[in-house]
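Here the structure comes first, spelled out in structure tokens, and everything after it is commentary.
The values are calculated or read from the model by the stated rules, or taken from the named source; none is laboratory data. Every value quoted in this text rests on a predicted model; they were computed, and no experiment measured them. Here Cβ is always computed from backbone atoms with ideal geometry, including for glycine, and neighbour counts include all displayed protein chains.
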Amino acid sequence: MHPMHKVISFEHVAPFTLRIIFEDDSEQVIDFKPVLGGEVFGQLLDPALFSTVRIEPNFHTLEWYNGADFNPNLLYDWNKYLPQLIDQTKRWENNLKHQSK
């Protein structure tokens, strides 16, 4: 069984970039822009919406007011999952392009 990490704080450090602190005092600085695509996450390219990020109180992860969120373990191991997330974002964008035709 693996530990379930918790986001305990964050701060904006650049456009679409957050420094995230976890329960074990480790941190990740994440530029979310490469994974902001598709119907839900693509909305976060609006800086005003991106700035609505908060810590979801039950699951202790990042959540936005449009319903977008990330699993806290994924945030903790962001670099491990980033290539898969970018691939998924490209698929979402391709699907949106095909749907709009």
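Some notes on this structure:
- Some residue of the stretch 82-101 being without any contact (Cβ under 8 Å) to a residue 12 or more places away in the chain, of a type in the set (D, E, K, R) and closer than 19 Å to GLU11 by Cα: no
- One residue alone among HIS12, HIS5 is outside any helix (DSSP H, G or I), touching a Leu at 6+ places or on another chain (Cβ under 9 Å), surrounded by fewer than 14 Cβ atoms within 10 Å (Cβ to Cβ) and not aromatic (Phe, Trp, Tyr), and that residue is HIS12.
- Assessment of the stretch 65-75 against the conditions (of a type outside the set (Ser, Thr, Tyr), touching a residue at least 40 places away in the same chain (Cβ under 8 Å) and over 20 Å from ILE8 (Cβ atoms)) yields no matching residue.
- Sole exception among (1) in contact with a Gly (Cβ under 8 Å, 6 or more places away or on another chain); (2) more than 21 Å from ILE86 (Cα to Cα) for ARG54, by number: (1)
Condition check ((1) at pLDDT below 95; (2) crowded, with 16+ Cβ neighbours inside 10 Å; (3) not in a loop (DSSP other than H, G, I, E, B)) across all residues:
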{"position": "VAL29", "(1), (2), (3)": "no, no, yes"}
{"position": "PRO34", "(1), (2), (3)": "no, no, yes"}
{"position": "GLU39", "(1), (2), (3)": "yes, no, yes"}
{"position": "GLN43", "(1), (2), (3)": "no, yes, yes"}
{"position": "ALA48", "(1), (2), (3)": "no, no, yes"}
{"position": "ILE55", "(1), (2), (3)": "no, yes, yes"}
{"position": "LEU62", "(1), (2), (3)": "no, yes, yes"}
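- Selection from the stretch 74-92 of residues that are of a type outside the set (Ser, Thr, Tyr) and surrounded by 15 or more Cβ atoms within 10 Å (Cβ to Cβ): LEU74, LEU75, TRP78, LEU82, LEU85, GLN88, TRP92
- Members of the stretch 64-87 found to be assigned to a helix (DSSP H, G or I), within 16 Å of LYS6 (Cα to Cα) and among the aromatic types (Phe, Trp, Tyr), listed by number: TYR76, TRP78
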